[in-house]
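Each value in this text was obtained by applying a stated rule to the coordinates, not by laboratory testing. Note that the structure is predicted; figures quoted are calculated from it, not measured. Here the Cβ is made from the backbone with ideal geometry for all residues, glycine too, and neighbour counts use every protein chain on show.
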Amino acid sequence: MAHVLRDHDPWRDARAEDWREARLARPRTPPAQPLPPDRQPPPPPLGVASVDRVPGPDRDEPLPRGHAPWLQPTLVQRWDAQAQAWVDAPAALEILARRSAYSPAGWTDEIDDRRKVLGKLRVTYPPGPPLLDQSFTRVLTARGTLPPRPWLIDDQPAEIRPLGPYARLNAAGRYPRGVYPLAVITPLFTAPNAPLTFTLDLRGGQLMQLLLSLSGGL
């Protein structure tokens, strides 16, 4: 039985004790609309859950193209060393804003790892829902290769955690080469309801997706 990481769904993923500790009643059926924060138990630190990927009406929620479980970037700029200026990079934006590649998406352009972004970037995200006004350490979900040195976000090292069944250190203390889903713990401390712009130096890494978690925090 295979499992995948998906956005945490309180109706599906929260345990009975989680609802009791929050002094809330779990809905008897899946809610038609997402539950507001005051009507659901607190989500896990990264806002994701490991769930069985067996298809079914209660397990897979078809989302329209262009809708991501996390915030998608709205602007990506590359650093032009010759001009000493930031230049808009619509092709990089198209790559980084791709929705998570898991069923029921299955779109070939969403999971094509041949398209990648390198170098030094400036990335902008829109504000999230107004009720999410508590500041915490922001988490990115990404897809890419592991760099020889940690990424720099606003000139500070970011903690990169490779995920998936192959993300295991070998005898040499290194991860096998390849593309990984990544959880990126940033040095940014902001509220999700505010827009966010930061610089990102990939330092030799390659990136195929970069979404901003609304519920992840430390």
Task: Extension gain, T190 back to E17 (0.36 nm per residue minus Cα-Cα distance, nm) - done: 59.3 nm
Task: Counted charge near W79, where neighbours are those whose Cβ lies closer than 10 Å (Asp, Glu -1; Lys, Arg +1) - done: +1
Open item on the list: Can you tell me the length gained on complete extension of the stretch T124 to R177, counting 0.36 nm per residue apart and subtracting the Cα distance?
Closed with: 16.2 nm
Task: Contour excess over end-to-end distance, with Cα ends at R168 and R115 and 0.36 nm allotted per residue - done: 16.6 nm
Task: Sequence-distant residues sharing a close amide H with W151 (under 5 Å, placed H) - done: A158
